[in-house]
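Each remark here refers to the structure printed beneath this line.
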Amino acid sequence: MNDEKVVLQVAEHHKEKKRSGEIGITWWQLSLIGIGSIVGAGFFLGTSVAISLTGPSVIIAFLIAGLISYIAFTSLAEMKINDLEPGSFRDYARRAFGDSIGFISGWMFWIAGVLIMSSEVTALSVFSRYWFPQIPLWTFSVIYSCLGLGINLLGVKDFGEIESFFAIVKINALALFIIFGILFILGYASPKGSVAGASVISLSTLNWFPKGIKGLWSSMIFALFPYAGVAVVGAASKELKQSKSFTKAINALMLALMFLYITSIVMIFKMAHWQQIQASKSPFITALSAFHVPYIGSIFNIIIVSAAFSTFVGALFAITNVLLSLAKDHEAPKIALKRNKRGVNVIALLIGTSGLLLTILLSFVLPDTIYEYLTTSAGVLLISNWIIILASQIKNRKYYSIKSTTEGKQFKMLFAPYSSYLGILLIILTLIGVTFNPTHRIGLLVIIGIIAIISLASTKSSMRNKKLNS
């Protein structure tokens, strides 16, 4: 998960390289930025939870999740491109429904960021236990938390180059996995103790719904989570050289994501039976560990650890900036704006890091289920915010003069506003699916309580701002 400032910083990094030509980024650069911002531990580990919940029908879940993400992305982009005043999704929510909803949306996004950051740390710890299974999960959580905090305290600000590099790492990791799967299918690689090609699983013979429709329904939140950052990439849409090329960017991004995600899952099913997939272990490592290739599991694990760590460091940087943005709008304590000699907002950083302390504690108390708790909670908050984004787009679009994608900075969302209503319906159905699993239900109830607290705080904030303005 990346905040708009992180995504825009990556866009600016590409723009600097194009100073000799037109200002802006191309549609394919925006697509690359999107993939780098989206692919993370939510897919490399979260997919195992989705598979354990529904089996092969997880492929259908990812297709539906891709549609929901596409709708959320284009709704935000329509506002971003057509709104005459610069702003973020919080500003659009505020214009549509008032200050209270803008406040709620901002704090929901910040808390979701803290939870996602915490889930990344947990995933890193799970990946590291591949080599050191005897070391407790909380020990790795402490190590990675300290490393991430230390990097941010050093005042490292150019996450653009870092994210661009790891975007390539992530894409190549998935591409190599797919290539390896193809070699396996063609008979050039075989599992330990098997004849080459003998263990290829035929998808046509699989029981696609071993857990029924209910299993598919309950897995939707984990299928949506790997797409979590897609809406925020809409923030970079104004950096395009030509706004009419945005359609190319969004189509390329979503097609690339869905191809990488679904093809990778198909290869997992080809190399290992879905019942072998454990919720507490990356399905990629499970699939690769069955082969003769020396150290292939460890090599892939190193790649996803490095990529996930960069995402975690960027997420910590991002939530710090979200809190600063809230503080500047008088929706968070002003003390968060204080900087040290290095220019680092230490207090804002430490407030965000407080979520890691809770993660370490939960890693000690609930090592087997912490990742599911965190991912469910973060996913519920994120897609609840997508409802606000979609509702804001429905309300605000009447103020835009939208004619076509070829005139100026205009972009029209496909089938709007009906597509936005469809997105809201699918998200609500996903939230209902969370209630089917007792473990996930707890996360949902906790988030409902958090939203209720934020709503009460928004009322007090609105009253305080009215006094300041009067």
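To keep it simple, each residue is scored yes or no on (1) surrounded by 17 or more Cβ atoms within 10 Å (Cβ to Cβ); (2) over 24 Å from the mean Cα position of the chain (by Cα); (3) modelled with pLDDT of 95 or more; (4) assigned to a helix (DSSP H, G or I).
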position	(1), (2), (3), (4)
Glu372	yes, no, no, yes
Ala378	yes, no, no, yes
Ala391	yes, no, yes, yes
Gly408	no, yes, no, no
Ile424	yes, no, yes, yes
Ile427	yes, no, yes, yes
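Ile303 falls short on exactly one of the conditions (1) surrounded by fewer than 17 Cβ atoms within 10 Å (Cβ to Cβ); (2) within 17 Å of Ala175 (Cβ to Cβ); (3) β-branched (Val, Ile, Thr), and that condition is (1).
The residues listed here are Leu76, Leu63, Leu67; of these, the one that is open to solvent by less than 30 Å² (accessible area, probe 1.4 Å) and assigned to a helix (DSSP H, G or I) is Leu76.
If you filter the range 276-300 down to residues that are among the polar types (S, T, N, Q) and in contact (Cβ under 8 Å) with a residue 60 or more places away in the chain, you find that the one that is surrounded by the most Cβ atoms within 10 Å (Cβ to Cβ) is Ser282.
Can you tell me which residue within the range 340-356, out of those that are assigned to a helix (DSSP H, G or I) and not aliphatic (A, V, I, L, M), is most open to solvent (accessible area, probe 1.4 Å)? Ranking the qualifying residues of the range 340-356, first place goes to Ser354. Taking the conditions (1) closer than 20 Å to Ala41 by Cα; (2) at pLDDT 80 or above in turn, Ser164 satisfies each one other than (2).
The values are calculated or read from the model by the stated rules, or taken from the named source; none is laboratory data. Given the structure is predicted, the values throughout are model-derived calculations rather than measurements. Quick reminder, even Gly has a Cβ in these numbers, built from the backbone with ideal geometry, and neighbours come from all protein chains shown. When the accessible area is computed, the model is the full protein with side chains, heavy atoms only, and any ligands, DNA or RNA have been set aside. Shrake-Rupley method; radii C 1.70, N 1.55, O 1.52, S 1.80 Å.
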